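**Student:** What follows is a single structure, and I will ask about it in a moment.
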Amino acid sequence: MDDKSVSEKTILVSIISHREYELENTVKEFYTKSKYPDRLRFSVVSQDDRHPALDFVPDNQIRYLRAHHKEVYGVCWARSIAARMFNDYDYYFQIDAHMFPDQDWDDAIIATHEKAKERFGNNVLLTAIPARYILEPDKKNRTILGWGYSYADINNKKLFDWGINRPVKEQLKEIFYVQGACMFSEGRIMDEIQIDPEIPYHAEEISYSIRCFAAGYKMVAFKKPVFYHLFSDDRRDVGIFNDPWEDLKSKIVLTQGSLKDRSNQFFEAKISGKLGVTKNDLIGFCKKAGYSI
């Protein structure tokens, strides 16, 4: 039985950034708005031609990889590195590099996770589509567009189709689609369901959702605490959005091999071990989630 108090439990905050203006603000917001900042560990992978200083976080609480955006291999490659930067932590929290939280978010998210375990069992992954904010033209002031969370309802969708976003009307709701921008679970999940570094962006969430299902994890949407995510149209309006597909044309990525082939192998159940699933798992997930095959 875990005898650590809430204030002693460590949270790994995993953040990857691809030419992202908001990275520094994201790290600062999650650090300064935590109730117990000493228990946070930040693993940051910045993919850019310039990288912000994050020295407001103590050295023993941050691992920071800086890479040029044309010398990288995609979202999951970066996420897999960030997940391994620290070896010992109680909780894993994956977010995007353009987010900010409610005050005392760390205390609240652990409490929410404990309630989810009481209801759904020990293997729980909290996830949801975060609320939205926009940046004003000065790139400093932030305006919240909506308070509520949503989740991807994939019922009656074909595999790979985007789900319909539906509001999370209750505090805890079992769902079947993981949002890469907001994932919270016990740290052991990164040993049990490792991130496949070769899965491409378009298959990141669906492949991890299937693997969670296969490993017996419940995917649970929640309402509190609230995390806010930069609205994508606003990123273009203020001139900070850079098309990641531009970098996929680089020789380094193309010589890695076909990322599309990797996702095809996954959905054909040809990847074995911790990074793959069986055909029965795939069929079972689709039946449970409502996907049409």
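**Student:** Fully extended, how many nm does the chain gain between K173 and H202 (0.36 nm per residue separation, minus their Cα-Cα distance)? Walk me through the numbers on the way to the answer.
**Tutor:** Values: separation 29, 0.36 × 29 = 10.44 nm, distance 2.47 nm.
Extending this stretch completely gives an extra 8.0 nm.
**Student:** Moving on. Once you put a point 7 Å from the Cα of K70 and another 7 Å from the Cα of K35, both along the Cβ direction, what distance in nm separates them?
**Tutor:** 4.8 nm
**Student:** Further question: Where the convex hull is taken over the Cα atoms of region 12-165, what is its projected area averaged over directions, in nm²?
**Tutor:** On the way: hull surface 44.6 nm².
Result: a mean projected hull area of 11.1 nm².
**Student:** Mean projection of the alpha-carbon convex hull of the chain over all orientations, in nm²? The partial results should precede the final answer.
**Tutor:** Details: hull surface 59.4 nm².
The number I arrive at for the chain is 14.8 nm².
**Student:** Considering only protein heavy atoms, what per residue accessible area in square angstrom results for region 135-180 with a 1.4 angstrom probe?
**Tutor:** Working: 2910 Å² over 46 residues.
That works out to 63 Å² per residue.
**Student:** Report, ordered by chain and residue number, the aspartates and glutamates lying within cross-link reach of K9, taken as a straight Cα distance under 16 Å and ignoring same-chain residues fewer than 8 apart.
**Tutor:** The qualifying aspartates and glutamates are D38, D88, D90, D104, D106, D107, E114, E186.
**Student:** Rg (Å, one decimal) plus Dmax (Å, integer) for the alpha carbons of region 142-197?
**Tutor:** Here Rg and the maximum Cα pair distance are 14.1, 38 Å.
**Student:** While we're on this one: In Å², what does the accessible area per residue of region 32-133 work out to with a 1.4 Å probe?
**Tutor:** Working: 4320 Å² over 102 residues.
Per residue, region 32-133 has 42 Å² of solvent-accessible surface.
**Student:** Give me the aspartates and glutamates in straight-line cross-link reach of K169: C-alpha distance below 18 Å, same-chain residues under 8 apart excluded.
**Tutor:** D153
**Student:** Across every pair of different alpha-carbon atoms, what Kirkwood hydrodynamic radius in Å does region 76-228 reach? Don't skip to the end; give the middle numbers.
**Tutor:** On the way: mean 1/r = 0.0619 Å⁻¹.
The Cα-based Kirkwood calculation yields 16.1 Å.
**Student:** Now a separate question. Normalising by the residue count of the chain, find the relative contact order in percent from Cα pairs under 8 Å and 6+ residues apart. Display every interim value, and only then the final one.
**Tutor:** Numbers: 572 pairs, mean separation 64.6, N = 293.
Here the relative contact order equals 22 percent.
**Student:** Can you pull the percent of the chain's accessible area that's carbon plus sulfur, 1.4 Å probe, other chains left in place? Kindly include the intermediate steps, with their values, before the conclusion.
**Tutor:** Details: 6630 of 14040 Å².
For the chain, the apolar C and S fraction of the accessible surface comes to 47 percent.
**Student:** Go through region 174-186 residue by residue and turn each phi into a ³J(HN,Hα) via Karplus (6.51, -1.76, 1.60, θ = phi - 60°); whole Hz please, and just put x for glycine and proline.
**Tutor:** Couplings: 5, 10, 9, 9, 7, 9, x, 7, 7, 9, 9, 7, 5 Hz.
**Student:** Mind scanning K115/K218; K117/K287; K158/K288; K158/K223 and naming the pairs with a C-alpha gap bigger than 19 Å?
**Tutor:** Numbers: K115/K218 13 Å; K117/K287 24 Å; K158/K288 13 Å; K158/K223 27 Å.
Pairs exceeding the cut-off: K117/K287; K158/K223.
**Student:** Determine ³J(HN,Hα), in whole Hz, for all residues of region 278-293 in sequence, where each value follows from phi through the Karplus function 6.51 cos²θ - 1.76 cosθ + 1.60 and θ = phi - 60°; x replaces Gly and Pro.
**Tutor:** 7, 4, 5, 4, 4, 5, x, 5, 4, 5, 5, 7, x, 5, 8, 9
**Student:** Label D49 and K139 with points 7 Å out from Cα along Cα→Cβ: what is the distance between them in nm?
**Tutor:** 1.5 nm
The values are calculated or read from the model by the stated rules, or taken from the named source; none is laboratory data. What you see is a predicted model; the values in this text were computed from it and never measured. Glycine gets a Cβ as well: all are built from the backbone with ideal geometry, and neighbour counts include every protein chain shown. The accessibility values were calculated without ligands, DNA or RNA, using every heavy atom of the protein model including side chains. Shrake-Rupley method; radii C 1.70, N 1.55, O 1.52, S 1.80 Å.
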